[in-house]
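K.L.:
Sharing a structure here in structure tokens format.
Readers should treat all values here as calculations from the given coordinates under stated rules, not as data from a laboratory. In this text the structure is predicted, and so the values were computed from the model without any measurement. Note that each Cβ is placed from the backbone with ideal geometry, even for glycine, and that neighbours are counted across all protein chains shown.
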Amino acid sequence: MELTDRHGRKHRSLRISIVDKCDLRCTYCMPEDQHFLKREELMTRKEISTIAKLFVERHGITKIRITGGEPLVRPDAGDIVRDMAQLGVSLGLTTNAMTLDRHLDGLIAAGLKNLNISLDTFDAERFKKIARRDGFDRVWASILLALEKGLRVKVNMVVMRGVNEDEILRFVEFTREHDVHVRFIEFMPFAGNHWGRERVYTYAEMLGHIGSVHTVEKLIDDPHSTAKAYRVPGWPGTFAVISTVTEPFCGDCDRLRLTAEGKMRNCLFTREETDLLSALRRGEDIAPLIEANVLAKHAMLGGLPQFKPEKEEEVLHDLSERPMVSIGG
Ligand code: SAM
Ligand code: SF4
């Protein structure tokens with residue numbers, strides 16, 4: 001049965017977090033005192049495969065993205081990618097690329113074609129401040145390697161006022177140098193990430209800033225896309241803005257999520273979860289649980305009030321207790 005919510009939206013895309021640990025500790029994603037799941041609490045490779053298969057074969061999911069935490073810290077990440085590739089879906093992986101160089105050939109052999117890589121700055125010192133770990137050189141080298149090996153690469157930059165908004169043009173310049181897709185993401189509020197409206201560098205500001213230097217052309221967005229895409233005419237790469245805070249794009253959302261401990265979420269911002277893994281371990285049929293979870297999906301932002309200034313207190317109060325690192329972006 002197709003997964004349709006009570007607003008008539010069909011869901012075809014699934015993000016699977018395979019681990020909640022990470023080898024970076026980005027300030028906007030991971031609280032200082034983050035506790036991680038124990039090994040036995042994580043879905044095993046077999047359980048991931050069983051659940052994913054059900055989503056694909058019984059519920060018409062056509063797109064899977066593996067994420068985390070940092071998916072590549074899990075020793076069997078390559079095997080999981082191979083399992084997912086065999087499901088015949090459009091497959092992607094989101095990574096911080098800290099160890100991507102050693103995994104790349106294995107991932108390509110496993111059938112991976114799409115990579116989302118996070119990079120918020122070109123400055124090594126700034127990287128250390130944002131990620132609370134050293135790593136710029138490794139990440140940058142891996143991005144270039146992935147491009148060289150012919151993967152479709154999207155680079156995600158979380159733009160924060162007073163932190164890295166002065167580098168937006170450098171990231172746009174990257175699309176002149178390479179056939180890469182850069183995504184500027186508005187800083188979103190999650191548990192423990194010290195979000196404040198004043199730290200959000202908005203979609204309008206980003207576009208104004210880029211437009212003051214370059215002529216930009218709007219591209220046609222995929223109907224389910226979360227991003228508004230552009231390019232500088234004649235340049236090989238493209239860029240986009242993900243404007244969750246100032247212009248949420250929930251209208252055509254077709255995304256579902258599974259946390260590393262097998263809890264299903266129908267929205268990044270929801271506070272409601274369905275424990276698929278425990279049911280699976282008890283030997284129950286989880287298909288009805290999946291269908292009920294999708295049906296209950298809110299029209300917008302998991303039921304949060306919009307991120308309007310006058311609603312800010314309410315939003316911060318109503319946020320899910322999960323930080324981004326344990327949701328899986
Ligand atoms: N570790 C991997 C990585 O960093 O790409 C995958 C997991 S990470 C949670 C997925 C994506 O979420 C990253 O691109 C990250 O930049 C983004 N992200 C995390 N916290 C965010 C926030 N507060 N606002 C916007 N994007 C955020
Ligand atoms: Fe780790 Fe990715 Fe979160 Fe950074 S954004 S702490 S790399 S999960």
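K.L.:
Dipole of the range 1-159, Cα-centred, from +1 at each Lys and Arg C-beta and -1 at each Asp and Glu C-beta, to the nearest 20 debye?
P.N.:
Value, rounded to 20: 520 debye.
K.L.:
At 222 nm, what value in deg cm²/dmol follows for the chain if DSSP H runs of at least 4 each add -39500 (n - 2.57) and the sum is divided by all its residues, to the nearest 500? Write out the running numbers ahead of the final one.
P.N.:
Details: 11 runs with 99 residues, N = 329.
Using -39500 (n - 2.57) per qualifying helix, the result is -8500 deg cm²/dmol.
K.L.:
Read phi for every residue in the range 17-29 and hand back ³J(HN,Hα) as whole Hz from Karplus 6.51 cos²θ - 1.76 cosθ + 1.60, θ = phi - 60°, with x for Gly and Pro.
P.N.:
Residue by residue, the range 17-29 yields 7, 9, 6, 9, 7, 8, 8, 10, 9, 4, 4, 7, 10 Hz.
K.L.:
While we're here: Rounded, prolate or oblate for the range 87-152? Axes are the square roots of the Cα gyration tensor eigenvalues, ordered a ≥ b ≥ c, and the cut-off for rounded is a/c under 1.5.
P.N.:
The shape class here is prolate.
K.L.:
Let me ask you something else. Can you tell me how much longer the chain between T44 and H317 gets when fully stretched, taken as 0.36 nm per residue apart minus their C-alpha distance, in nm with one decimal?
P.N.:
Going from the current span to full extension adds 94.9 nm.
K.L.:
Only four residue types carry charge here, +1 at the Cβ of Lys and Arg and -1 at the Cβ of Asp and Glu. Report the dipole size of the range 222-329 about the Cα centre in Debye, rounded to the nearest 20.
P.N.:
Values: 13 positive and 17 negative charges, 71 e Å.
Dipole about the Cα centre, nearest 20: 340 debye.
K.L.:
Also, quick follow-up: If contacts are Cα pairs under 8 angstrom and at least 6 residues apart, what is the relative contact order of the chain in percent?
P.N.:
Reported as a whole number, the value is 21 percent.
K.L.:
Taking H placed 1.01 Å from N in the peptide plane, check which residues at least 5 places from G262 or on another chain put their amide H under 5 Å from its amide H.
P.N.:
M43
K.L.:
Would you mind ranking H224, H7 by Cβ crowding within 10 Å, fewest neighbours first?
P.N.:
Arranged by neighbour count, lowest to highest, H224, H7 become H7, H224.
K.L.:
Decide, for the range 8-69, between rounded, prolate and oblate: order the square roots of the alpha carbon gyration tensor eigenvalues as a ≥ b ≥ c, take rounded if a/c falls under 1.5, and otherwise choose prolate if a/b is larger than b/c, else oblate.
P.N.:
Here the range 8-69 falls in the oblate category.
K.L.:
Ok, one more. With a 10 Å Cβ neighbour count serving as the proxy for reagent exposure, in which order, fewest first, do D134, D20 appear?
P.N.:
Details: D134 13, D20 25.
If I rank by nearby Cβ atoms, fewest first, I get D134, D20.
K.L.:
Still on this structure: Rank these for me by crowding, K149, K263, going from fewest to most other beta carbons within 10 Å. Intermediate values should be presented prior to the final figure.
P.N.:
Details: K149 13, K263 21.
The fewest-first ordering by Cβ neighbours comes to K149, K263.
K.L.:
Have a look at the DSSP beta bridges in the chain and tell me what percent are antiparallel, nearest 5. The partial results should precede the final answer.
P.N.:
Numbers: 12 of 45 bridges.
Antiparallel bridges make up about 25 percent of those DSSP assigns within the chain.
K.L.:
What FRET efficiency, computed as 1/(1 + (r/R0)^6) with R0 = 22 Å and r the Cβ-Cβ distance, is obtained for R152 and E57, rounded to the nearest 0.05?
P.N.:
On the way: r = 26 Å, r/R0 = 1.16.
For R0 = 22 Å, the calculated efficiency reads 0.30.
K.L.:
I've got another one for you. Measure nothing fancy, just the Cα-based angle from helix 100-110's long axis to the longest principal axis of the chain, in degrees from 0 to 90, nearest 10.
P.N.:
The two axes meet at around 50 degrees.
K.L.:
Right, next: Work out the length of the dipole vector of the chain about its Cα centre, built from +1 on the beta-carbon of each Lys and Arg and -1 on the beta-carbon of each Asp and Glu, and round it to the nearest 20 debye.
P.N.:
620
K.L.:
What is the spread of the Cα atoms of the range 36-145 along each of their three principal axes, largest first, in whole Å?
P.N.:
Between the extreme Cα coordinates on each principal axis of the range 36-145 lie 48, 31, 22 Å.
K.L.:
Report the paramagnetic label zone for K129: residues of the range 164-199 whose backbone N is under 14 Å from a point 7 Å from Cα along the Cα-to-Cβ axis.
P.N.:
Within reach of a label on K129: 164-167.
K.L.:
Further question on the same structure: So which GluC sites (Glu not before Pro) in the range 8-109 are both in a DSSP loop and have at most 15 other Cβ atoms within 10 Å of their Cβ?
P.N.:
Filter output for the range 8-109: E32.
K.L.:
On to the next question. Give me the extension gain from R102 to R138: residue separation times 0.36 nm, minus the current Cα-Cα distance, reported in nm with one decimal.
P.N.:
11.9 nm
K.L.:
Stokes-Einstein D for the chain at 10 °C, 1.306 mPa s, Kirkwood Rh over Cα pairs, in µm²/s? Mind showing how you got there, number by number?
P.N.:
On the way: Rh = 20.2 Å.
Taking Rh from Cα pairs, D becomes 79 µm²/s.
K.L.:
Based on the Kirkwood radius over alpha-carbon pairs, what is the Stokes-Einstein translational diffusion coefficient of the range 191-317 at 20 °C with 1.002 mPa s viscosity, in µm²/s?
P.N.:
Here the translational diffusion coefficient equals 124 µm²/s.
K.L.:
Now, a different point. Find, among the GluC sites (Glu not before Pro) in the range 281-316, those assigned to loop by DSSP (not H, G, I, E, B) with at most 13 other beta-carbon atoms within 10 angstrom.
P.N.:
E284
K.L.:
Could you compute the net charge surrounding R39? Neighbours are other residues with a C-beta less than 15 Å from the C-beta of R39; K and R count +1, D and E count -1.
P.N.:
Summing Lys/Arg as +1 and Asp/Glu as -1 gives 0.
K.L.:
In addition: Which chymotrypsin sites (Phe, Trp or Tyr not before Pro) from the range 208-305 combine a DSSP loop assignment with at most 16 other Cβ atoms within 10 Å?
P.N.:
F249
K.L.:
Hey, which of these cross-link pairs are over 20 Å Cα-Cα: K53/K149; K38/K263; K10/K46?
P.N.:
Cα-Cα > 20 Å for K53/K149; K10/K46; rest within.
K.L.:
Pulled fully out, how much extra length does the chain show between S90 and D23, if you take 0.36 nm times their separation in residues and subtract their Cα-Cα distance?
P.N.:
Result for the pair: 21.5 nm of gain on full extension.
K.L.:
If pairing requires two Cys Cβ atoms under 4.7 Å apart, which cysteines of the chain are left without a partner?
P.N.:
C22, C250, C253, C267
K.L.:
So what is the relative contact order for the range 142-222, in percent, with contacts set as C-alpha pairs under 8 Å and at least six apart?
P.N.:
That works out to 30 percent.
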